[in-house]
Amino acid sequence: YEPSEDALQVEVDTKTIPHTEFLTYVFTDLSSTGATVALDWAKKQIPFKIEFDVSAIVLADIRQKLQGEAGFQRQNWEQAATFAMNNGGDLQEALGWINNAIEGQFFSSKTFNNMAVKAQILQKLGQKDKVLAMVPEMAGMANTNEMNNLGYMLVNMGENDLALKYFKINAKNNPANANVFDSLGEAYKIMGDRKNAIKNLKKSLSLNPPAGVKANSERLLAELGVVI
């Protein structure tokens, strides 16, 4: 036996298990970056953990693919930026990728969704002023659900007054939409305006909301001490 010829050496704590006739490999503790591999044979189990830097592997693959045919499609730049933003990638690189999706390339097209991704990246970079400068343009291109998302984005930024402005616009433009009144009521609740929160949450319930919206309105009203 020559230890220098080993392909792998791992220190493990063996476990006693019920008899296993055939050599068996079992994968447990599965995660997005690794797993525990257990070698079961006879009455012994030999477990060891394997891990990979999945984000680095995926980002390297993304960079390579964007240099080829995949780089001619806007959606691929959006997906690349989103992955980098959410998985510990270089935020400046992610910003460059989303900017390519938005403008400057023959495939570029500015949409609410890619503007929202850019806004999230800028927030992570601590550039709140640039995000706020984007808000009017984002509002101008937003549909009903996107306007709601814009409002919640502003709430998460601590811009409650500005968020309320867009929630109110959405409710005014969609008087039969239960979800927009649910969101408006939630915004008022966050701001401590109990009266208007109750008013708009009850309005949401009066519009025959979908189950999820109904449950949220009822939960918020209960938190405000209102018995339905």
| request: Show the residue pairs that are 6+ apart or on different chains and have beta-carbon atoms under 7 Å apart, the first residue being within region 161-176 and free of Cβ contacts under 8 Å to residues at least 24 places away in the same chain, the second being buried (at least 16 other Cβ atoms within 10 Å of the Cβ) and part of a helix (DSSP H, G or I). | output: Phe167/Gly151; Phe167/Ser183; Phe167/Leu184; Phe167/Ala187; Lys168/Leu184
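Condition first: of a type in the set (Lys, Arg) and either assigned by TED's automatic domain parsing to the domain that holds Asn208 or out of contact with any Asp or Glu (no Cβ under 9 Å at 6 or more places or on another chain) (or both). Can you find one or more residues in region 92-112 that meet it? Talk me through it step by step, then tell me what you get.
Residues of region 92-112 that are of a type in the set (Lys, Arg), as a first pass: 110.
Imposing the further condition that a residue be either assigned by TED's automatic domain parsing to the domain that holds Asn208 or out of contact with any Asp or Glu (no Cβ under 9 Å at 6 or more places or on another chain) (or both) reduces the set to none.
No, every residue in region 92-112 fails to be of a type in the set (Lys, Arg) and either assigned by TED's automatic domain parsing to the domain that holds Asn208 or out of contact with any Asp or Glu (no Cβ under 9 Å at 6 or more places or on another chain) (or both).
For region 136-191, give me every one of the helices (runs of 4 or more DSSP H) that falls completely inside it and has 1 or more residues that are over 22 Å from Leu221 (Cα atoms). Before you say what the answer is, go through the steps one by one.
Details: elements: 144-156, 160-173, 178-190.
The qualifying helices (runs of 4 or more DSSP H) are 144-156, 160-173.
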| message | Against the condition loosely packed, with under 15 Cβ neighbours inside 10 Å and aromatic (Phe, Trp, Tyr), how does Phe83 come out, does it pass? | response | no
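Test Asp61 against the criterion of being free of Cβ contacts under 8 Å to residues at least 24 places away in the same chain and within 26 Å of the chain's Cα centre (by Cα), and give yes or no.
On the way: free of Cβ contacts under 8 Å to residues at least 24 places away in the same chain: yes; within 26 Å of the chain's Cα centre (by Cα): yes.
Taking the combined requirement at face value, the residue satisfies it.
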| said: I'd like the full set of residues that are assigned to a loop (DSSP other than H, G, I, E, B) and surrounded by 15 or more Cβ atoms within 10 Å (Cβ to Cβ), limited to region 86-107. | reply: Gly89
| said: For region 123-154, which positions are within 25 Å of Met191 (Cα to Cα), surrounded by 14 or more Cβ atoms within 10 Å (Cβ to Cβ) and among the aliphatic types (A, V, I, L, M)? | reply: Val131, Leu132, Met134, Val135, Met138, Ala139, Ala142, Met147, Leu150, Met153, Leu154
| request: Looking at (1) surrounded by 15 or more Cβ atoms within 10 Å (Cβ to Cβ); (2) without any contact (Cβ under 8 Å) to a residue 40 or more places away in the chain; (3) in a helix (DSSP H, G or I), find the lone condition where Asn114 falls short. | output: (2)
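State yes or no: is Glu78 surrounded by 14 or more Cβ atoms within 10 Å (Cβ to Cβ) and charged (D, E, K, R)?
Working: surrounded by 14 or more Cβ atoms within 10 Å (Cβ to Cβ): yes; charged (D, E, K, R): yes.
Considered against the rule, which asks whether it is surrounded by 14 or more Cβ atoms within 10 Å (Cβ to Cβ) and charged (D, E, K, R), Glu78 comes out as yes.
Tally the residues that are under 28 Å from the mean Cα position of the chain (by Cα), part of a helix (DSSP H, G or I) and either among the β-branched types (Val, Ile, Thr) or surrounded by 17 or more Cβ atoms within 10 Å (Cβ to Cβ) (or both), restricting the search to region 201-217. Break it down into steps so the answer makes sense when it comes.
As a first pass, look at region 201-217 and keep what is under 28 Å from the mean Cα position of the chain (by Cα): 201, 204, 209-217.
Within this subset, residues satisfying the condition of being part of a helix (DSSP H, G or I) are 201, 204, 211-217.
Now restrict to residues that are either among the β-branched types (Val, Ile, Thr) or surrounded by 17 or more Cβ atoms within 10 Å (Cβ to Cβ) (or both): 201, 204, 213-214, 216-217.
Counting residues in region 201-217 that are under 28 Å from the mean Cα position of the chain (by Cα), part of a helix (DSSP H, G or I) and either among the β-branched types (Val, Ile, Thr) or surrounded by 17 or more Cβ atoms within 10 Å (Cβ to Cβ) (or both) gives 6.
Determine whether Ser32 is at pLDDT 95 or above, hydroxyl-bearing (Ser, Thr, Tyr) and not in a helix (DSSP H, G or I). Spell out how you get there, then give the answer.
On the way: at pLDDT 95 or above: no; hydroxyl-bearing (Ser, Thr, Tyr): yes; not in a helix (DSSP H, G or I): yes.
Against the criterion (at pLDDT 95 or above, hydroxyl-bearing (Ser, Thr, Tyr) and not in a helix (DSSP H, G or I)), Ser32 does not qualify.
With Ile62, Ile57 as the choices, which residue is among the hydrophobic types (A, V, I, L, M, F, W, C), assigned to a helix (DSSP H, G or I) and either surrounded by 13 or more Cβ atoms within 10 Å (Cβ to Cβ) or outside the structural domain of Lys118 (by TED's automatic domain parsing) (or both)? Spell out how you get there, then give the answer.
On the way: Ile57 fails: either surrounded by 13 or more Cβ atoms within 10 Å (Cβ to Cβ) or outside the structural domain of Lys118 (by TED's automatic domain parsing) (or both).
Going through Ile62, Ile57 in turn, just one is among the hydrophobic types (A, V, I, L, M, F, W, C), assigned to a helix (DSSP H, G or I) and either surrounded by 13 or more Cβ atoms within 10 Å (Cβ to Cβ) or outside the structural domain of Lys118 (by TED's automatic domain parsing) (or both): Ile62.
The values are calculated or read from the model by the stated rules, or taken from the named source; none is laboratory data. Note that the structure is predicted; figures quoted are calculated from it, not measured. Here the Cβ is made from the backbone with ideal geometry for all residues, glycine too, and neighbour counts use every protein chain on show.
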